[in-house]
Amino acid sequence: MTTVGFLYPGHFAEDDFPRMEVLLDAVRLVVSRTDVEEDAYGIDALMRTGAPERLAAGVEELQRAGAESVVWASCGGSFLYGWEGAHEQTAALARAAGVPASSTSFGFAHAVRELDAERVAVASTYSERVTGLFADFLHAAGIDVAVTRAASLGSATEAAAWDLDRVKELAAAADRPEADVVLLPDTALHTAGHEAELEELLGKPVLTGNQVTVREGLRLAGRRAWSPRLGRLFAAREAPPAPVAAWGEGRERAHSGRRGWPGK
(Lines give C-alpha, C1' and ligand atoms only; values in the text may rest on other atoms or scores of the structure.)
Protein backbone atom coordinates (compact mmCIF):
# COMPACT_ATOMS: atom_id res chain seq x y z
CA MET A 1 0.00 0.00 0.00
CA THR A 2 1.28 3.44 -0.92
CA THR A 3 1.33 6.03 1.88
CA VAL A 4 1.26 9.72 0.99
CA GLY A 5 1.57 12.49 3.56
CA PHE A 6 -0.08 15.90 3.53
CA LEU A 7 0.55 19.01 5.58
CA TYR A 8 -2.82 20.69 5.83
CA PRO A 9 -3.25 24.18 7.32
CA GLY A 10 -5.81 24.23 10.12
CA HIS A 11 -9.21 22.53 10.27
CA PHE A 12 -11.35 23.35 7.26
CA ALA A 13 -11.77 20.67 4.58
CA GLU A 14 -9.16 18.17 5.73
CA ASP A 15 -11.96 15.57 5.88
CA ASP A 16 -11.78 15.49 2.07
CA PHE A 17 -8.66 13.33 2.35
CA PRO A 18 -10.20 10.32 4.14
CA ARG A 19 -13.08 10.54 1.66
CA MET A 20 -10.65 10.31 -1.24
CA GLU A 21 -8.79 7.48 0.46
CA VAL A 22 -12.02 5.47 0.46
CA LEU A 23 -12.52 6.19 -3.25
CA LEU A 24 -9.01 5.10 -4.21
CA ASP A 25 -7.60 1.59 -4.12
CA ALA A 26 -4.72 0.56 -1.84
CA VAL A 27 -3.72 4.13 -1.02
CA ARG A 28 -3.20 5.56 2.46
CA LEU A 29 -3.54 9.34 2.80
CA VAL A 30 -2.12 10.69 6.05
CA VAL A 31 -2.86 14.27 7.10
CA SER A 32 -0.82 16.31 9.56
CA ARG A 33 -2.50 19.60 10.47
CA THR A 34 -0.23 22.62 10.66
CA ASP A 35 -0.74 25.72 12.75
CA VAL A 36 -2.70 28.66 11.33
CA GLU A 37 -1.95 31.92 13.08
CA GLU A 38 -4.73 33.88 11.37
CA ASP A 39 -7.62 32.53 9.31
CA ALA A 40 -7.65 35.23 6.66
CA TYR A 41 -7.23 35.31 2.90
CA GLY A 42 -4.88 38.27 2.94
CA ILE A 43 -1.50 37.84 1.28
CA ASP A 44 0.57 38.13 4.46
CA ALA A 45 -1.64 35.73 6.42
CA LEU A 46 -1.60 33.13 3.65
CA MET A 47 2.15 33.34 3.26
CA ARG A 48 2.68 32.88 7.00
CA THR A 49 0.90 29.53 6.81
CA GLY A 50 3.68 28.32 4.50
CA ALA A 51 6.62 29.47 6.60
CA PRO A 52 9.39 26.81 6.73
CA GLU A 53 9.18 26.35 10.50
CA ARG A 54 5.43 25.70 10.34
CA LEU A 55 5.84 23.05 7.66
CA ALA A 56 8.81 21.41 9.35
CA ALA A 57 6.82 21.08 12.58
CA GLY A 58 4.38 18.69 10.93
CA VAL A 59 6.90 16.48 9.18
CA GLU A 60 7.69 14.11 12.05
CA GLU A 61 4.13 12.77 12.18
CA LEU A 62 4.26 11.97 8.46
CA GLN A 63 7.66 10.32 8.80
CA ARG A 64 6.33 8.06 11.54
CA ALA A 65 3.43 7.11 9.27
CA GLY A 66 5.88 6.02 6.56
CA ALA A 67 4.95 8.66 4.00
CA GLU A 68 6.66 8.06 0.66
CA SER A 69 6.02 11.63 -0.46
CA VAL A 70 4.79 14.82 1.18
CA VAL A 71 2.62 17.61 -0.22
CA TRP A 72 1.96 21.02 1.31
CA ALA A 73 -1.82 21.10 0.94
CA SER A 74 -2.25 24.82 0.47
CA CYS A 75 -2.63 26.74 -2.74
CA GLY A 76 -2.44 30.30 -1.42
CA GLY A 77 0.30 29.29 1.00
CA SER A 78 2.49 28.19 -1.91
CA PHE A 79 1.88 30.20 -5.11
CA LEU A 80 2.10 33.49 -3.21
CA TYR A 81 5.80 32.77 -2.75
CA GLY A 82 6.21 33.11 -6.51
CA TRP A 83 7.65 30.58 -8.94
CA GLU A 84 11.17 30.46 -7.49
CA GLY A 85 10.02 30.90 -3.92
CA ALA A 86 7.58 28.01 -4.22
CA HIS A 87 10.42 25.80 -5.45
CA GLU A 88 12.53 26.83 -2.49
CA GLN A 89 9.62 26.10 -0.15
CA THR A 90 9.16 22.55 -1.40
CA ALA A 91 12.92 21.91 -1.57
CA ALA A 92 13.17 22.81 2.12
CA LEU A 93 10.20 20.56 2.86
CA ALA A 94 11.80 17.66 0.99
CA ARG A 95 15.00 18.08 3.01
CA ALA A 96 13.04 18.10 6.26
CA ALA A 97 10.92 15.09 5.31
CA GLY A 98 13.60 13.05 3.59
CA VAL A 99 11.20 12.19 0.74
CA PRO A 100 10.03 13.96 -2.43
CA ALA A 101 7.84 16.98 -1.67
CA SER A 102 5.59 19.37 -3.56
CA SER A 103 2.61 21.67 -3.03
CA THR A 104 -0.94 22.17 -4.25
CA SER A 105 0.16 24.95 -6.60
CA PHE A 106 2.57 22.68 -8.45
CA GLY A 107 -0.12 20.00 -8.35
CA PHE A 108 -2.40 22.26 -10.38
CA ALA A 109 0.27 22.91 -13.00
CA HIS A 110 1.09 19.21 -13.34
CA ALA A 111 -2.59 18.27 -13.51
CA VAL A 112 -3.29 20.79 -16.30
CA ARG A 113 -0.46 19.27 -18.32
CA GLU A 114 -1.62 15.74 -17.59
CA LEU A 115 -4.98 16.62 -19.14
CA ASP A 116 -3.20 18.11 -22.20
CA ALA A 117 -5.00 21.38 -21.57
CA GLU A 118 -3.65 24.64 -22.96
CA ARG A 119 -6.04 27.24 -21.58
CA VAL A 120 -7.78 27.35 -18.21
CA ALA A 121 -10.43 29.29 -16.33
CA VAL A 122 -9.82 30.03 -12.65
CA ALA A 123 -12.78 29.98 -10.25
CA SER A 124 -11.24 31.39 -7.09
CA THR A 125 -12.48 31.99 -3.56
CA TYR A 126 -9.67 34.52 -3.07
CA SER A 127 -9.66 38.26 -3.72
CA GLU A 128 -9.02 39.58 -7.22
CA ARG A 129 -5.45 40.50 -6.29
CA VAL A 130 -4.62 37.07 -4.85
CA THR A 131 -6.37 35.36 -7.77
CA GLY A 132 -4.28 37.40 -10.16
CA LEU A 133 -1.12 36.17 -8.45
CA PHE A 134 -2.28 32.59 -8.94
CA ALA A 135 -2.76 33.37 -12.63
CA ASP A 136 0.80 34.72 -12.69
CA PHE A 137 2.03 31.44 -11.19
CA LEU A 138 0.22 29.48 -13.89
CA HIS A 139 1.70 31.73 -16.57
CA ALA A 140 5.14 30.94 -15.16
CA ALA A 141 4.33 27.27 -15.76
CA GLY A 142 3.48 28.03 -19.38
CA ILE A 143 -0.29 27.79 -18.89
CA ASP A 144 -2.64 30.26 -20.57
CA VAL A 145 -5.31 31.67 -18.25
CA ALA A 146 -8.39 32.61 -20.27
CA VAL A 147 -10.34 34.19 -17.41
CA THR A 148 -10.38 34.51 -13.63
CA ARG A 149 -13.37 34.83 -11.34
CA ALA A 150 -12.83 35.92 -7.74
CA ALA A 151 -15.44 35.29 -5.04
CA SER A 152 -13.40 37.44 -2.61
CA LEU A 153 -14.11 35.43 0.54
CA GLY A 154 -12.42 36.61 3.69
CA SER A 155 -11.28 33.33 5.20
CA ALA A 156 -10.93 29.57 4.88
CA THR A 157 -13.77 29.19 7.38
CA GLU A 158 -16.10 30.86 4.88
CA ALA A 159 -14.88 28.62 2.06
CA ALA A 160 -15.29 25.47 4.15
CA ALA A 161 -18.91 26.39 4.87
CA TRP A 162 -19.85 26.42 1.18
CA ASP A 163 -22.07 23.59 0.01
CA LEU A 164 -21.85 21.96 -3.41
CA ASP A 165 -24.37 24.34 -4.94
CA ARG A 166 -22.18 27.33 -4.10
CA VAL A 167 -19.14 25.58 -5.56
CA LYS A 168 -21.10 24.85 -8.72
CA GLU A 169 -22.18 28.48 -9.01
CA LEU A 170 -18.61 29.71 -8.78
CA ALA A 171 -17.32 27.16 -11.30
CA ALA A 172 -20.09 27.96 -13.77
CA ALA A 173 -19.53 31.70 -13.39
CA ALA A 174 -15.85 31.31 -14.26
CA ASP A 175 -16.30 28.93 -17.18
CA ARG A 176 -15.78 30.12 -20.74
CA PRO A 177 -16.03 28.20 -24.03
CA GLU A 178 -12.35 28.86 -24.77
CA ALA A 179 -11.20 27.29 -21.48
CA ASP A 180 -10.20 23.62 -21.65
CA VAL A 181 -10.32 23.15 -17.86
CA VAL A 182 -11.81 24.97 -14.87
CA LEU A 183 -9.62 25.30 -11.76
CA LEU A 184 -10.89 25.73 -8.18
CA PRO A 185 -7.72 26.63 -6.25
CA ASP A 186 -8.66 26.32 -2.60
CA THR A 187 -8.07 23.32 -0.33
CA ALA A 188 -10.63 24.73 2.13
CA LEU A 189 -13.47 23.89 -0.28
CA HIS A 190 -15.20 20.54 0.23
CA THR A 191 -15.07 18.92 -3.21
CA ALA A 192 -13.97 15.29 -2.70
CA GLY A 193 -16.11 12.94 -4.76
CA HIS A 194 -17.98 15.77 -6.48
CA GLU A 195 -15.49 16.35 -9.31
CA ALA A 196 -17.34 14.12 -11.78
CA GLU A 197 -20.58 15.95 -11.02
CA LEU A 198 -18.92 19.31 -11.59
CA GLU A 199 -17.50 18.05 -14.88
CA GLU A 200 -20.92 16.87 -16.00
CA LEU A 201 -22.30 20.34 -15.23
CA LEU A 202 -19.62 22.16 -17.23
CA GLY A 203 -18.93 19.59 -19.90
CA LYS A 204 -15.17 19.71 -19.34
CA PRO A 205 -12.54 18.68 -16.79
CA VAL A 206 -12.55 20.37 -13.39
CA LEU A 207 -9.53 20.49 -11.10
CA THR A 208 -10.04 21.12 -7.38
CA GLY A 209 -7.51 21.91 -4.68
CA ASN A 210 -7.66 18.69 -2.67
CA GLN A 211 -8.02 16.51 -5.77
CA VAL A 212 -4.80 17.80 -7.39
CA THR A 213 -3.02 17.70 -4.03
CA VAL A 214 -3.64 13.97 -3.74
CA ARG A 215 -2.70 13.42 -7.37
CA GLU A 216 0.57 15.28 -6.83
CA GLY A 217 1.46 13.15 -3.84
CA LEU A 218 0.75 9.96 -5.76
CA ARG A 219 2.80 11.23 -8.71
CA LEU A 220 5.81 11.82 -6.47
CA ALA A 221 5.39 8.36 -4.93
CA GLY A 222 5.26 6.78 -8.41
CA ARG A 223 1.76 5.44 -7.81
CA ARG A 224 -1.21 5.50 -10.16
CA ALA A 225 -4.74 5.33 -8.78
CA TRP A 226 -8.17 5.65 -10.40
CA SER A 227 -11.63 6.68 -9.33
CA PRO A 228 -14.41 7.87 -11.67
CA ARG A 229 -15.92 10.00 -8.90
CA LEU A 230 -12.75 12.08 -8.68
CA GLY A 231 -13.06 13.33 -12.24
CA ARG A 232 -11.11 13.02 -15.44
CA LEU A 233 -7.78 13.54 -13.70
CA PHE A 234 -8.25 10.16 -12.03
CA ALA A 235 -9.76 8.47 -15.07
CA ALA A 236 -6.69 8.10 -17.32
CA ARG A 237 -4.67 4.91 -16.98
CA GLU A 238 -1.64 6.04 -18.98
CA ALA A 239 1.68 6.88 -17.34
CA PRO A 240 1.88 10.49 -16.12
CA PRO A 241 3.86 12.95 -18.24
CA ALA A 242 7.26 14.26 -17.26
CA PRO A 243 7.16 17.48 -15.24
CA VAL A 244 6.78 20.53 -17.45
CA ALA A 245 9.30 23.33 -17.58
CA ALA A 246 8.77 26.84 -16.35
CA TRP A 247 7.73 29.61 -18.72
CA GLY A 248 10.51 30.23 -21.23
CA GLU A 249 12.44 27.07 -20.40
CA GLY A 250 13.16 24.42 -23.00
CA ARG A 251 12.16 20.79 -23.08
CA GLU A 252 15.75 19.82 -22.25
CA ARG A 253 15.56 21.37 -18.77
CA ALA A 254 12.20 19.75 -18.10
CA HIS A 255 13.80 16.32 -18.42
CA SER A 256 17.19 17.10 -16.88
CA GLY A 257 18.35 16.80 -13.31
CA ARG A 258 18.75 20.54 -12.94
CA ARG A 259 16.50 22.73 -10.85
CA GLY A 260 12.92 22.36 -12.00
CA TRP A 261 9.86 20.78 -10.49
CA PRO A 262 9.74 19.35 -6.99
CA GLY A 263 10.70 15.70 -6.83
CA LYS A 264 12.96 15.92 -9.85
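The values are calculated or read from the model by the stated rules, or taken from the named source; none is laboratory data. Everything numeric in this text was worked out from a predicted model, so none of it was measured. Counting neighbours? That spans all protein chains shown, and the Cβs are built from the backbone with ideal geometry, glycine included.
Side notes on the structure shown:
- Condition met for Leu23 (within 21 Å of Leu189 (Cβ to Cβ), touching a helix residue (DSSP H, G or I) at 6+ places or on another chain (Cβ under 6 Å) and aliphatic (A, V, I, L, M)): yes
- The set of residues from the range 15-35 being closer than 25 Å to Asp163 by Cβ and in contact (Cβ under 8 Å) with a residue 40 or more places away in the chain comprises Asp15, Asp16, Phe17, Arg19, Met20, Leu23, Leu24, Leu29, Val31.
- Residue match in the range 103-122 (condition: touching a residue at least 60 places away in the same chain (Cβ under 8 Å), in contact with a Lys or Arg (Cβ under 9 Å, 6 or more places away or on another chain) and β-branched (Val, Ile, Thr)): yes
- Subset tally (residues that are assigned to a loop (DSSP other than H, G, I, E, B) and free of Cβ contacts under 8 Å to residues at least 24 places away in the same chain) for the range 135-162: 1
- Flag for Ala151 being at pLDDT 95 or above, touching a Leu at 6+ places or on another chain (Cβ under 9 Å) and over 13 Å from Thr213 (Cβ atoms): yes
- Selected residue (criterion: nearest to Glu200 (Cα to Cα)) from residues of the range 166-180 that are out of contact with any Lys or Arg (no Cβ under 7 Å at 6 or more places or on another chain), touching a residue at least 12 places away in the same chain (Cβ under 8 Å) and not hydrophobic (A, V, I, L, M, F, W, C): Lys168
- In the set Ala92, Ala101, Ala57, Ala73, only one residue is surrounded by fewer than 17 Cβ atoms within 10 Å (Cβ to Cβ) and closer than 20 Å to Glu14 by Cβ; that residue is Ala57.
- Test: residue in the range 49-64 that is farther than 21 Å from Thr125 by Cα, within 16 Å of the chain's Cα centre (by Cα) and of a type in the set (Val, Ile, Thr): no
- Filtered by the rule that a residue be surrounded by fewer than 24 Cβ atoms within 10 Å (Cβ to Cβ) and among the hydroxyl-bearing types (Ser, Thr, Tyr), the range 180-235 gives a lone residue, Ser227.
- Only one of the listed residues (Leu170, Leu164) is surrounded by 18 or more Cβ atoms within 10 Å (Cβ to Cβ) and at pLDDT 95 or above. That residue is Leu170.
- Of the helices (runs of 4 or more DSSP H) contained entirely in the range 41-134, those carrying at least 3 residues that are modelled with pLDDT under 95 and not polar (S, T, N, Q) fall at 52-57.
- The range 17-39, subset under 18 Å from Leu233 (Cα atoms) and touching a Phe, Trp or Tyr at 6+ places or on another chain (Cβ under 8 Å), residue surrounded by the fewest Cβ atoms within 10 Å (Cβ to Cβ): Asp25
- Across the range 40-52, the qualifying residues are those that are in contact with a helix residue (DSSP H, G or I) (Cβ under 8 Å, 6 or more places away or on another chain) and farther than 18 Å from Glu158 by Cα, and the one among them that is surrounded by the fewest Cβ atoms within 10 Å (Cβ to Cβ) is Pro52.
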